[in-house]
Each structure stands twice: as C-alpha cells, then as structure tokens.
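Contents: one structure, followed by commentary.
Just so you know, all these numbers are worked out from the coordinates, no wet-lab data involved. In this text, all values refer to a predicted model and were calculated from it rather than measured experimentally. Positions of Cβ are backbone-derived with ideal geometry, glycine not excepted, and every protein chain shown enters the neighbour counts.
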Ligand SMILES: [Mg+2]
Ligand SMILES: [Zn+2]
C-alpha cells in the first residue's frame, strides 16, 4: 500500500488566524483576520493540508485550561468548516519554561510540526509556514519546512509577508509557491 504524503500549510494562530490578544481563550474575543479563509481555501484547493500550531502558555500560567482551549479550537474549526475548509489538525503547546519546565513543543522548538508530520503524513520539504513572530519561522526552519513566511504586522488584514523571496504582498507570495501547478486531486 502506498501511503499518500501531502504538503501542508502550517499557520500560527494568534496574529495569523485571529487578531492577537493577550491570553485569548473566550470565543467572544476571537476575531478572524481578514483574508484567512481565502488563504486556507486557496491552499486546500491545491491539495495542501491546513494545520494550526500555537503556543498557549496561558495554560501553564493558569490563566485558562486545556478544556477552554479545546472548546475554542472546536469552535474555530467549525467556522472554517462552514466555509468548506477542513483543518487537518490544531496543535498547541501548553507549556512555559518558567512554570512547567522545558519542552520540545514550544516554538521555536519544532515539536508540534514534527508531531503533525507523523500523525497526518505530511511532507515538510514541500510545506509552507506562515507566522507572525520570528519564533514561528524558526520552528519551521528547524522542522525543515521549505517556504517560511513572516507576516508584516500592523493591520487586521493578511497583507504582506517577509520570506526567502524578500518582502512582498501575501498574494504574490502564495502564487509564487503554488504557481500554475495543477491542483493535487485527493482520493
Ligand atoms: Mg502569533
Ligand atoms: Zn510544550
């Protein structure tokens, strides 16, 4: 049996999927960034899995619980599904070195990405990562992800990105990656 290995679009959560707010865990505080659904739909139609990887040290700090995060992430995935976008996985690191000791999953460590690769059967060398902090990009680099994008902050719109190709509009970055390749048809 041949195992299908597919590329993924890895997204940080706070500041990429939703507007960054400190220690966000309430559904009512969760605001999707403009352009996130279109971005995910574009990669899904090209055959990429969409995976969210997020540091949630608020758990280690006792600001919210694993249960709170599970409820929020279920809700978040439903909002994507309403738009026909399946999120293959949402991974979070609940740790913080000062409160729970060192771990292998808190970005810039690559642990969440490597776990997603193993659990979801992903090809990291053909994958893409979009974050809003250097630690996101560093985690992707350590995991061997090919295309690394750092969002240029300052608005509620996914607009510009810094990448190996320099700073450019997000749209141009995406099309530079996906190009005119025919979409991968999933069985
Ligand atoms: Mg972030
Ligand atoms: Zn961790």
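Remarks
- Relative to the longest principal axis of the Cα atoms of the chain, the long axis of helix 36-45 makes an angle of roughly 50 degrees.
- Cβ crowding within 10 Å, taken as a proxy for footprinting-reagent exposure, orders 27, 113 from fewest neighbours to most as 27, 113.
- Base-10 log of normalised Debye intensity for the chain (one unit scatterer per alpha-carbon) at q = 0.14 Å⁻¹: -0.75
- In plain terms, the residue of 21, 133, 107 with the fewest other Cβ atoms within 10 Å comes first and the most crowded comes last, giving 21, 133, 107.
- Of all beta bridges that DSSP places with both ends in region 8-178, some 30 percent have antiparallel geometry.
- With Cα atoms, 0 to 90° folded angle of helix 134-143 axis to the chain main axis: 60 degrees
- Sorted by Cβ neighbour density within 10 Å, fewest at the top, the residues 54, 65: 65, 54
- Taking all Cα pairs closer than 8 Å and separated by 6 or more residues, the relative contact order of the chain comes to 24 percent.
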